[in-house]
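This report refers to the structure that appears directly beneath it.
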Amino acid sequence: MSENSAIINTGGGTVNAQGAVMGSRNTVTRESGPKARRRRADVGVITILPVEMRAVLSVLGISAADPAYVDPSGAWFYETTRKLGSRVATVAVTRALSQGQRSAVVTFEKLTRAYAPSLVVLAGIAGGVAPKVELGDVVVANQAIYYDLRKETPGGTRHRGQPHEVPARVLHAVNAFFNVHGEPYVMEGGRSVRSGPIGTGEAVVADAGSEILRYLATVNDKTLALETEAGGVAQAFYEEMDGHRATLGWLAVRGISDYADEHKNDDWHLIAATNAALVLESLLPFLLRIGPSGQQEGS
């Protein structure tokens, strides 16, 4: 810190003061929250539903009552660390305000602004749409196909899908995970973990005869699951990747809670969310190698 700077502890956060503290033309920036952000994160995790957040915090050993940082908008962020070789890597976790692509985009922006993670991971539940995917299984996305771009015509709906590829450096880490564990990876309890495409959009599908499912089958017949946030995160990453941000990639890890049909309900939410969180934890040693990290800011 320079001789013309000071950090003032106010009890409700910290205030960074630059310039001659007692002189004129001082610049003061207040950081909200119980603690100021302490370091960059190697991996940032976004959850959507309460059951998803509780599952991730529980599996990673984080107290839900002890946020590391609360940003000016009121969003809570949690932190945990993992040893990776000779260094300590940081994982930051937060929850979107609501479901859907738009809230996911805003949450991505808040997370990257607060922690500048090398990688952002969506962790939670999804509907399975492939015969080989069963309730409780986990899908690790290698592509997200946004299905809500469309044109309504007198002759019917014309879909205009937009595929978002998971960045190659992230897929190398995912491939390394499966190199070690095999694919499909069979979890304790018999649930399978696979990598493949997922469909993403604003519409929640609860109809086995949905035109969205028929459309996705024509785009990629290997689509494994449907969810409602990955397209927003993928687009936010795409639009920022040539800018000033340090984030190098994104990923979605989704536990299967239903079959996107008329039987869709909440019965499997906890199991699916917990399995997704367990797979996320197993992936961390591979994902944490993607970017620089875990160093204290200013070190």
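The values are calculated or read from the model by the stated rules, or taken from the named source; none is laboratory data. It should be emphasised that the depicted structure is a prediction, and the values quoted were computed from it without experimental measurement. For neighbour counting, all protein chains shown are included, and Cβ atoms are generated from backbone atoms with ideal geometry for every residue, glycine included. Surface areas here come from the heavy atoms of the whole protein model, side chains and all, with no ligands, DNA or RNA. Shrake-Rupley method; radii C 1.70, N 1.55, O 1.52, S 1.80 Å.
Cross-link partners among lysines for Lys264, C-alpha distance below 26 Å, same-chain residues fewer than 8 apart left out?
Output for Lys264: Lys132, Lys222.
One-quarter of the Cα convex hull surface for segment 54-198, in nm²?
11.9
Within 10 Å, count the other beta carbons around each residue, average over each peptide in 253-259, 201-207, and list them highest first.
Top of the packing list down: 253-259, 201-207.
Under 19 Å from a point placed 7 Å out from the Cα of Glu152 along the Cα-to-Cβ direction: which residues of segment 209-226 have their backbone N that close?
Output list for this probe position: 210-213, 215.
Per residue, how much accessible surface does segment 151-294 expose to a 1.4 Å probe? Answer in Å², no decimals.
For segment 151-294, the solvent-accessible area averages 48 Å² per residue.
Quick check: convex hull of the Cα atoms in segment 163-253, volume per residue, rounded to a whole Å³?
Dividing the Cα hull volume of segment 163-253 by its residues yields 126 Å³.
Collect residues whose amide H, placed 1.01 Å from N in the peptide plane, falls under 5 Å from the amide H of Tyr185; neighbours closer than 5 in sequence don't count.
Residues meeting the amide H criterion: Val193.
At a 10 angstrom cut-off on C-beta neighbours, averaged per residue, how do the peptides 184-192, 112-120 rank from highest to lowest?
Top to bottom by mean Cβ count within 10 Å: 112-120, 184-192.
Can you give the Rg to Rh ratio of segment 130-197, both from alpha-carbon atoms, with Rh computed by the Kirkwood formula?
Using only Cα positions, Rg/Rh for segment 130-197 is 1.15.
Show which lysines lie in cross-link reach of Lys110 when reach means a straight Cα distance below 19 angstrom and same-chain residues fewer than eight apart are skipped.
The reachable lysines, counting only those whose Cα sits under 19 Å from Lys110, are Lys35.
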